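J.: Take a look at this one; I'll ask things after.
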Amino acid sequence: FSIRNHIWAKIQNRKNFILSMIESFPCMKSAYENEVLADIEQIARKTAEGDKDIEDSIRSQYQNSFYDCQDYENIFLQAMLIMVYSYYENCANLIKNEFCSNNKEKEDCDAVSYICKVKNINLTCDIKEDKSFLYTKVRELRNFLVHNNTTEPKTPTQRDMINLITTTYPDIRYEDNEIYIVDKKCIIDILEKEHRVLRYICQAIGICNK
């Protein structure tokens, strides 16, 4: 019997919390829609003052406007992608601060690369591939969503990222100068890639079981 390391516990617990948020979206969306539709009913009845035709007309106008503007899943999944990459960066920094804080090595790279350099961790080909994809493509996608979405890609790096991301994940689309995320599968896959990299590092350091 051994006590689970507190850093590894945070990494796992945060991943599980994010997964639960992603999976809870249908319930969240349904609860929001029910609340809005109930408000529309109240507005229609109050405004119509007993006239059923006017009440029906007001209800129809409000409902049509509400349904026309629905983009909730895309908005939610974009927010989740931003959160998922922040999870990865934050967890990597937790490991770095805990196990590399006394090292004199110059920090001229991302946290995962720095940990590997300081701790002499050799990544397998699969983990290297995941790490590279996360840093060069998912990180760039996160930055694009935060700073540039609704505009054309400004650099070859951004164009390459959009081409690769939309090819890798059919759930991510680029239409009319905007990124759309239409399904949770790509977000979960990115989260799993991050967790594989973090787990490999934690195993190499010795704070979680292989």
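J.: Name every residue in segment 42-76 that is at pLDDT 90 or above and either aromatic (F, W, Y) or under 17 Å from E194 (Cα atoms) (or both), in order of residue number.
T.: Answer for segment 42-76, where residues must be at pLDDT 90 or above and either aromatic (F, W, Y) or under 17 Å from E194 (Cα atoms) (or both): Y62, F76.
J.: Could I ask something else about it? Quick check, is L123 assigned to a helix (DSSP H, G or I) and hydrophobic (A, V, I, L, M, F, W, C)? Step through it out loud before you land on a result.
T.: On the way: assigned to a helix (DSSP H, G or I): no; hydrophobic (A, V, I, L, M, F, W, C): yes.
For L123, the condition - assigned to a helix (DSSP H, G or I) and hydrophobic (A, V, I, L, M, F, W, C) - is not met.
J.: Right, here's the next one. Restricting segment 167-198 to residues that are in a loop (DSSP other than H, G, I, E, B), in contact with a helix residue (DSSP H, G or I) (Cβ under 9 Å, 6 or more places away or on another chain) and open to solvent by 40 Å² or more (accessible area, probe 1.4 Å), which is farthest from N122 (Cα to Cα)?
T.: Taking segment 167-198 as the starting set, the residues that turn out to be in a loop (DSSP other than H, G, I, E, B) are 169-171, 176-177, 182-184.
Those still in the list that are in contact with a helix residue (DSSP H, G or I) (Cβ under 9 Å, 6 or more places away or on another chain) too: 169-171, 182-184.
After this cut, where a residue has to be open to solvent by 40 Å² or more (accessible area, probe 1.4 Å) as well, the list is 170, 182-184.
Details: P170: 32, V182: 36, D183: 34, K184: 32 Å.
It comes out as V182.
Residues are listed down the side, and each one gets a yes or a no for (1) farther than 30 Å from I188 by Cβ; (2) open to solvent by less than 80 Å² (accessible area, probe 1.4 Å):
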residue: A31; (1), (2): no, yes
residue: A48; (1), (2): yes, yes
residue: I75; (1), (2): no, no
residue: N93; (1), (2): no, yes
residue: N97; (1), (2): no, no
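J.: Another one. What is the one condition in (1) open to solvent by 70 Å² or more (accessible area, probe 1.4 Å); (2) in contact (Cβ under 8 Å) with a residue 40 or more places away in the chain; (3) not hydrophobic (A, V, I, L, M, F, W, C) that N64 does not satisfy?
T.: Answer for N64: the failing condition is (2).
J.: For segment 155-167, enumerate the residues that are without any contact (Cβ under 8 Å) to a residue 24 or more places away in the chain and within 18 Å of M80 (Cβ to Cβ).
T.: To start, the set of residues in segment 155-167 that are without any contact (Cβ under 8 Å) to a residue 24 or more places away in the chain comprises 155-160, 162-163, 166-167.
T166, the sole residue that qualifies.
J.: If you don't mind, another one. Can you tell me how many residues in segment 144-166 are over 14 Å from E178 (Cβ atoms) and either part of a loop (DSSP other than H, G, I, E, B) or open to solvent by less than 40 Å² (accessible area, probe 1.4 Å) (or both)?
T.: Taking segment 144-166 as the starting set, the residues that turn out to be over 14 Å from E178 (Cβ atoms) are 154-157, 159-161, 163-164.
Right, trim to either part of a loop (DSSP other than H, G, I, E, B) or open to solvent by less than 40 Å² (accessible area, probe 1.4 Å) (or both) and you get 154-155, 161.
Of the residues in segment 144-166, 3 are over 14 Å from E178 (Cβ atoms) and either part of a loop (DSSP other than H, G, I, E, B) or open to solvent by less than 40 Å² (accessible area, probe 1.4 Å) (or both).
J.: Considering A31, A92, which residue is among the small types (G, A, S) and touching a helix residue (DSSP H, G or I) at 6+ places or on another chain (Cβ under 7 Å)?
T.: Numbers: A31 fails: touching a helix residue (DSSP H, G or I) at 6+ places or on another chain (Cβ under 7 Å).
From the options A31, A92, the qualifying one is A92.
J.: Sticking with this one: Filter segment 184-210 down to the residues that are closer than 19 Å to F144 by Cβ, in contact (Cβ under 8 Å) with a residue 60 or more places away in the chain and charged (D, E, K, R) and list them by number.
T.: Listed by number, the residues that qualify are K193, E194.
J.: Follow-up. Which residue, of K131, K117, is at pLDDT 95 or above and at negative phi?
T.: On the way: K117 fails: at pLDDT 95 or above.
Testing whether each residue is at pLDDT 95 or above and at negative phi leaves just K131.
J.: Only one of (1) open to solvent by 30 Å² or more (accessible area, probe 1.4 Å); (2) within 28 Å of H147 (Cα to Cα); (3) free of Cβ contacts under 8 Å to residues at least 40 places away in the same chain fails for Y114. Which number is that?
T.: (1)
The values are calculated or read from the model by the stated rules, or taken from the named source; none is laboratory data. Bear in mind the structure is a predicted one, so any value in this text is a computation, not a measurement. Cβ: placed from backbone, ideal geometry, glycine included. Neighbour counts: every protein chain shown. These area figures cover heavy atoms from the full protein model, side chains too; ligands, DNA and RNA do not enter into them. Shrake-Rupley method; radii C 1.70, N 1.55, O 1.52, S 1.80 Å.
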